[in-house]
Amino acid sequence: MERRQKILLGIVIFLLLLFSGPRLDSDLGNDWIVGDERPLIIAHRGGADIFPENTMVAFEGAAMIGVDMLEMDFQLTSDNRLITMHDDTVDRTTNGTGLVIDMTLEEILNLDASAKFTNLTGGNPWNDSHLSPVTIEDILDRFIDSPHRLSLEIKNEGEAGEIAAEIMFQEIENREMEDRIEVGSFHIESIQAFREISGGKITTSGVESEIRKCIIIPMLQLDRWWMDPGQVSILQIPTEGGGFDLATEGVVNRAHQHGQAVQYWTINDREMMGHLIDIGADGIMTDDPILLRQAILDAGYTLPEPWV
């Protein structure tokens, strides 16, 4: 065979390998893909437009409205306890000031997490209440017998993130709630620590760099054989990023080809909710679960039952 023919044959074989063959599945994402069903209703921070975020009132209130999942954020305290708080400081949501990592659990529980809340009508029904943040133990105990899935985010990074990951896994494992929980973080070292500690038994979402790879490589049709999502089982993404429209049927379908579920955040617009339902999103995270329930009802789907 002439050298030129051998080169051409080699190119053909390379292209066949590149564009054919299997697409590898993520480890646990298929359990979170809804198929032909409606997207999961995910109450972001418990429904932050309706209730004081990351409080038990919010989580119980969202459950009473009727949602599928409760999303929440966890920060580490100075005495190594996990408390529901989105920000590094307590300033935005409570009547206190300071870094969460510098405060003890007792100090944080003495704060009022409803003090600065304003709902969509400009009011605060909990103005005279004292609603504290919540420990991970109290959250898991409260919802251990509920039908809800939980989305837990590790907010700490570095060594604190690794400590938070270990505590979070132990509390989940102690209650045998592994199959109902997804864990995420914006910090690669924190999510990798959780994956290692949990032995891959609990579903995790990807950080930005992992998600970017899982979207761009399939988009270029370079994902056969070559892309193994592994423990990046859920893509929690905004509707646009890096100049790309991510709210497309193509993004969802390509993720499904790798056994990855797609959940969008944080959607408070009625029109966008309808669009995400149409393209087959697996979950929609919102501050307003009442509005999302209406969008799903208008699309002809059955709603989750309220839970008390």
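Bear in mind that the values in this text are calculations on the coordinates, not laboratory data. Keep in mind the model is a prediction, meaning the values are calculated, not measured. Counting neighbours? That spans all protein chains shown, and the Cβs are built from the backbone with ideal geometry, glycine included.
How about segment 105-153: which trypsin sites (Lys or Arg not before Pro) there lie in a loop by DSSP and see at most 15 other Cβ atoms within 10 Å? Kindly include the intermediate steps, with their values, before the conclusion.
Working: sites: Lys116, Arg142, Arg149; in loops: Lys116.
Taking segment 105-153 and a limit of 15 other Cβ atoms within 10 Å, the loop trypsin sites (Lys or Arg not before Pro) found are Lys116.
Taking the alpha-carbon centroid of each part, what is the distance from segment 99-120 to segment 233-308 in angstrom?
Each part's Cα centre sits 30 Å from the other's.
Evaluate the distance, in nm, between pseudo-label points positioned 7 Å from the Cα of Gln170 and of Val308 along their respective Cα→Cβ axes.
Each label point lies 7 Å from its Cα, and together they span 3.7 nm.
How much length is gained on full extension from Val34 to Asp269, taking 0.36 nm per residue of separation minus their Cα-Cα distance? Spell out each step's value before the answer.
On the way: separation 235, 0.36 × 235 = 84.60 nm, distance 2.18 nm.
Between Val34 and Asp269, full extension yields 82.4 nm more.
What is the Cα centroid distance between segment 63-87 and segment 160-190, reported in whole angstrom?
With segment 63-87 and segment 160-190 each reduced to a Cα centre, they are spaced 12 Å.
For Thr204, Thr118, which order do you get if you count the other beta carbons within 10 Å of each Cβ and list the fewest first?
Least to most surrounded, the residues fall as Thr118, Thr204.
Extending each Cα 7 Å along its Cβ direction at Ser78 and Glu137, get the distance between those two points in nm, one decimal.
If labels sit at Ser78 and Glu137, their model points lie 2.0 nm apart.
Checking the a/c ratio against 1.5 first, then a/b against b/c, what shape does the Cα gyration tensor give for segment 35-168? Could you put the intermediate results ahead of the total?
Values: a/c = 1.93, a/b = 1.16, b/c = 1.66.
Judged from the Cα gyration tensor, segment 35-168 comes out oblate (a/c at least 1.5, b/c at or above a/b).
Does segment 85-229 come out rounded, prolate or oblate by the C-alpha gyration tensor, with a ≥ b ≥ c the root eigenvalues, rounded set by a/c under 1.5 and, if not, prolate when a/b is larger than b/c and oblate if not?
Values: a/c = 1.98, a/b = 1.73, b/c = 1.15.
Since a/c reaches 1.5 and a/b is larger than b/c, the shape of segment 85-229 is classed as prolate.
Using the per-residue mean of other Cβ atoms lying within 10 Å as a proxy for protection, in what order, highest first, do the peptides 165-177, 227-239 fall? Numbers along the way, then the final one.
Values: 165-177: 17.6, 227-239: 20.7.
Final packing ranking: 227-239, 165-177.
May I ask you to sort Asp25, Asp179 by Cβ crowding, counting other Cβ atoms within 10 Å and putting the fewest first? Display every interim value, and only then the final one.
Details: Asp25 17, Asp179 11.
Ranking Asp25, Asp179 by Cβ neighbours within 10 Å, fewest first, gives Asp179, Asp25.
For a quick check: sort His130, His256, His44 by the number of other beta carbons within 10 angstrom, fewest at the front. Write down the numbers at each step before the final one.
On the way: His130 13, His256 19, His44 27.
Ranking His130, His256, His44 by Cβ neighbours within 10 Å, fewest first, gives His130, His256, His44.
Once amide H atoms are placed 1.01 Å from N in the peptide plane, what residues at a sequence separation of 5 or more from Gln236, or on another chain, have their amide H within under 5 Å of its amide H?
Hits under the 5 Å cutoff: Gly206, Gln263.
For a test of understanding, tell me how many lysine pairs in segment 3-298 have Cα atoms under 28 Å apart, given they are 8 or more places apart or on different chains. Intermediate values should be presented prior to the final figure.
On the way: Lys116/Lys155; Lys155/Lys201; Lys155/Lys213; Lys201/Lys213.
Taking segment 3-298 as the scope, the lysine pair count is 4.
Calculate, for Asp145 and Asn95, the FRET efficiency according to 1/(1 + (r/R0)^6) with r their C-beta to C-beta distance and R0 35 Å; round to the nearest 0.05.
Values: r = 33 Å, r/R0 = 0.94.
In this case the efficiency is close to 0.60.
Using label points projected 7 Å from each Cα along Cα→Cβ, tell me how many nm separate Glu107 and Trp225, to one decimal.
Modelled inter-label distance: 5.7 nm.
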